Amino acid sequence: MRITKNQVKHVANLARLEFSEKEMEVFAKQLDDIIGYAEQLNELDTTNVKPTSHVLDISNVLRADEVRQSLSNEAALKNAPDQADGQVKVPSVLE
Amino acid sequence: MSLFDQRIKDIHELLHKREVSVTDLVAESYKRIEEVEGKVEAFLHLNEEAARKAAREMDDHLVSKGVDGALFGLPAGLKDNIVTKGLRTTCASKLLDNFIPVHDATVVQKLHAAGAVTIGKLNMDEFAMGSSNENSGYKLTRNPWNTERVPGGSSGGSAASVAAGEVLFSLGSDTGGSIREPAAFCGVVGMKPTYGRVSRFGLVAFASSLDQIGPLTRTVEDNAYVLNAISGYDKLDSTSANVEVPDYTAGLTGDIKGLKIAVPKEYLGEGVNAEVRVHIEQALTTLEGLGATWEEVSLPHSKYAVAAYYILASSEASANLARFDGIRYGVRVEEDNLIDTYKKSRSQGFGDEVKRRIMLGTFALSSGYYDAYYKKAQQVRTLIKQDFDDVLAQYDVIIGPTAPTTAFQIGEQVNDPLTMYANDILTIPVNLAGVPAISVPAGFAYGLPIGLQIIGKHFAESMVYRVAHAFEQATNFHMEAPKL
């Protein structure tokens, strides 16, 4: 196994996901299969091959820094699950 | 015969002569939905009240100004990852169950400006991750040709609704084949334009370097009409290309004499079903009969495309989907502290395939693994793109099947991610290279449609349409409609 249950736990925490023990086992197995499959990329010698960051020949896209109309406070909060005083309300951040 | 067995041009003629009204067209759409939706289940939410109201207003407009707009009065369906102001948009995810966008995607604004009417939002694999629509958080869309079969994915609702005659056209999105594979499975025309051709502003991002919106229609000409309307530079999408948009219907003459077609041997090899291969070979004979020539070529890095894609697309997805945390929108599962609120909201909101890809992407990008997986995959992407550049420097188009098989049984592959991923083996390389490609109907095997894929150079959609149209006019497959 390339991927252990402990690794799955670590990655799940990074991704802000949680799984039951049983799910963890299934995911470890499936991720291991997929990573195993991806390792065929190592058959290719990619020394000196530039990674593709964009398929078209464009680089920096610049525009003038001008003030434009944006969403109103009301619209921006329209989908917020919880709000107070015109702001999104969240559970406590600090213990 | 349904009104939607006719083409955009014919329907506009009927509108022009006042033989039908926009109200009739919209009513026809909802009537058909009422008749067949129980069997097809293509829609997640309908826009009925607003659409009927818009139709009445357009009929007034018709009296004073005539047919005013390239898509005037035409009933359209939208994949549910395209945001629509005031109309629920869920990406088929429970996490976005209550999400009502406060703005329209650029393509939606463009469709409305051209006169199209939004009939409803279409089912898909959750966040566009899947090849069968079985990953929807809500329902199972069925293939109109055989309701025991999948419609393909992730734009399964987009393909099924057009095949079933519920709408005249739809929009889907294609990250690794998500327009073309369902188009092939449902026997319709599906175009994935060049990366950057159509604005992604308002398309909920899956893999930003690969995603592209495109039209699904019954014919090539209709497809070109829709692409005309949605293409173009958008300052709200920094990756949209500032390249002139030609009239895509202009080159549809049926003449392809002297064109050079490349047929990659990797696209007709192992893993491609014999029935599919036979139909593609017949298609090549048809194209030869029209005066084109074809030669076998090689895209040597094809076999690495699926592996590179799953690393890259999942990595991008893991970053893009970080925004779904139950804080500013979506369904929140409130816990005592913020971190647990994130975790509970995400874990209960996302389905298994989405979690699998977030996990894979997070792993590939995590400290110590970045070079081995993500960077390696980006380098392989360069090699795959180079394969296409080399072949397309010598040939006008590349042709092969869209999918290695016809539509498979519902439930057949759902427990095996790697088998499911292999459905996209012939479509994924195109997204990695950023080139345009279309799927057009190329026959039937045991009553199930087969798709022919035509791939062109960057921004050469006109050439792709020209070949697709000539093939379509020389065959009758697009005239067939499923019996529902």
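The values are calculated or read from the model by the stated rules, or taken from the named source; none is laboratory data. This one's a predicted model, so the numbers in the text were calculated from it and none came from an experiment. Ideal geometry is used to build each Cβ from the backbone, glycine not excepted, and the neighbour counts take in all protein chains shown. Calculation scope for accessible area: heavy atoms of the full protein, side chains included, ligands and nucleic acids excluded. Shrake-Rupley method; radii C 1.70, N 1.55, O 1.52, S 1.80 Å.
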For this session: For residues that are surrounded by fewer than 24 Cβ atoms within 10 Å (Cβ to Cβ) and not in a helix (DSSP H, G or I), tally how many sit in segment B:447-484.
Result: 13
Problem set entry | Given (1) assigned to a helix (DSSP H, G or I); (2) open to solvent by 20 Å² or more (accessible area, probe 1.4 Å); (3) under 17 Å from A:N13 (Cα atoms); (4) at the interface with chain A (Cβ under 9 Å from one of its Cβ atoms), number of the condition B:T341 does not satisfy | (2)
Exercise. Got at least one residue in segment B:407-419 being among the β-branched types (V, I, T) and touching a helix residue (DSSP H, G or I) at 6+ places or on another chain (Cβ under 7 Å)?
Worked result: no
Exercise. Is it true that some residue in segment A:78-85 is more than 26 Å from the chain's Cα centre (by Cα), loosely packed, with under 10 Cβ neighbours inside 10 Å and more than 7 Å from chain B (Cβ to nearest Cβ)?
Worked result: yes
For this session: Take B:E275 and decide whether it is assigned to a helix (DSSP H, G or I), more than 27 Å from B:K375 (Cα to Cα) and free of Cβ contacts under 8 Å to residues at least 24 places away in the same chain.
Result: no
For this session: Taking the options B:V333, B:V354, name whichever one is more than 7 Å from chain A (Cβ to nearest Cβ), over 16 Å from B:V204 (Cβ atoms) and either at pLDDT 95 or above or in a helix (DSSP H, G or I) (or both).
Result: B:V333
Problem set entry | B:P300 vs. criteria within 30 Å of B:R356 (Cα to Cα) and out of contact with any Gly (no Cβ under 8 Å at 6 or more places or on another chain) | yes
Exercise. Looking only at segment B:118-142, which residues are part of a strand (DSSP E or B) and open to solvent by 10 Å² or more (accessible area, probe 1.4 Å)?
Worked result: B:T118
For this session: May I ask you to say which residue of B:A372, B:A364 is crowded, with 24+ Cβ neighbours inside 10 Å and assigned to a helix (DSSP H, G or I)?
Result: B:A364
For this session: Confirm whether B:V297 is more than 10 Å from chain A (Cβ to nearest Cβ) and at pLDDT below 95.
Result: no
Problem set entry | Those helices (runs of 4 or more DSSP H) lying entirely in segment B:143-260 with at least 2 residues among the small types (G, A, S), modelled with pLDDT of 95 or more and open to solvent by less than 10 Å² (accessible area, probe 1.4 Å) | B:156-163, B:180-186
Exercise. Within segment B:430-439, is there a residue that is out of contact with any strand residue (DSSP E or B) (no Cβ under 8 Å at 6 or more places or on another chain), in a loop (DSSP other than H, G, I, E, B) and closer than 30 Å to B:P246 by Cα?
Worked result: yes
Problem set entry | In segment B:48-106, the residues that are hydroxyl-bearing (S, T, Y), closer than 30 Å to B:S345 by Cβ and open to solvent by 30 Å² or more (accessible area, probe 1.4 Å) | none
For this session: Consider only pairs whose beta carbons are under 6 Å apart and that are at least six residues apart or on different chains; among these, list those whose first residue lies in segment B:447-474 and is over 20 Å from B:D255 (Cβ atoms) and whose second residue is part of a strand (DSSP E or B) and of a type in the set (S, T, Y).
Result: B:G451/B:S439; B:Q453/B:S439
For this session: Kindly establish whether B:A470 is within 24 Å of B:A229 (Cα to Cα) and aliphatic (A, V, I, L, M).
Result: yes
Problem set entry | Members of segment B:381-421 that are within 16 Å of B:Q453 (Cβ to Cβ) and either of a type in the set (D, E) or open to solvent by 30 Å² or more (accessible area, probe 1.4 Å) (or both) | B:D387, B:D396, B:T405
Exercise. Which is over 30 Å from A:K78 (Cβ atoms) and free of Cβ contacts under 8 Å to residues at least 60 places away in the same chain, of B:L338, B:L392, B:L426, B:L360?
Worked result: B:L360
Exercise. Can you find a residue in segment B:307-325 that is within 8 Å of another protein chain (Cβ to nearest Cβ), of a type in the set (S, T, Y), surrounded by 24 or more Cβ atoms within 10 Å (Cβ to Cβ) and under 25 Å from the mean Cα position of the chain (by Cα)?
Worked result: yes
Seminar exercise, completed: B:T286 vs (1) under 27 Å from B:K9 (Cα atoms); (2) outside any helix (DSSP H, G or I); (3) open to solvent by less than 60 Å² (accessible area, probe 1.4 Å): all pass except (2)
Exercise. If you take the residues in segment B:240-254 that are hydroxyl-bearing (S, T, Y) and more than 10 Å from B:F201 (Cα to Cα), which one is nearest to the other protein chains (Cβ to nearest Cβ)?
Worked result: B:Y248
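Here's the yes/no breakdown for (1) at the interface with chain B (Cβ under 7 Å from one of its Cβ atoms); (2) surrounded by fewer than 17 Cβ atoms within 10 Å (Cβ to Cβ); (3) not in a loop (DSSP other than H, G, I, E, B):
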{"residue": "A:N6", "(1), (2), (3)": "no, yes, yes"}
{"residue": "A:N13", "(1), (2), (3)": "no, yes, yes"}
{"residue": "A:E18", "(1), (2), (3)": "yes, no, no"}
{"residue": "A:V26", "(1), (2), (3)": "no, yes, yes"}
{"residue": "A:L31", "(1), (2), (3)": "yes, no, yes"}
{"residue": "A:L41", "(1), (2), (3)": "yes, no, yes"}
{"residue": "A:T47", "(1), (2), (3)": "no, yes, no"}
{"residue": "A:V61", "(1), (2), (3)": "yes, yes, no"}
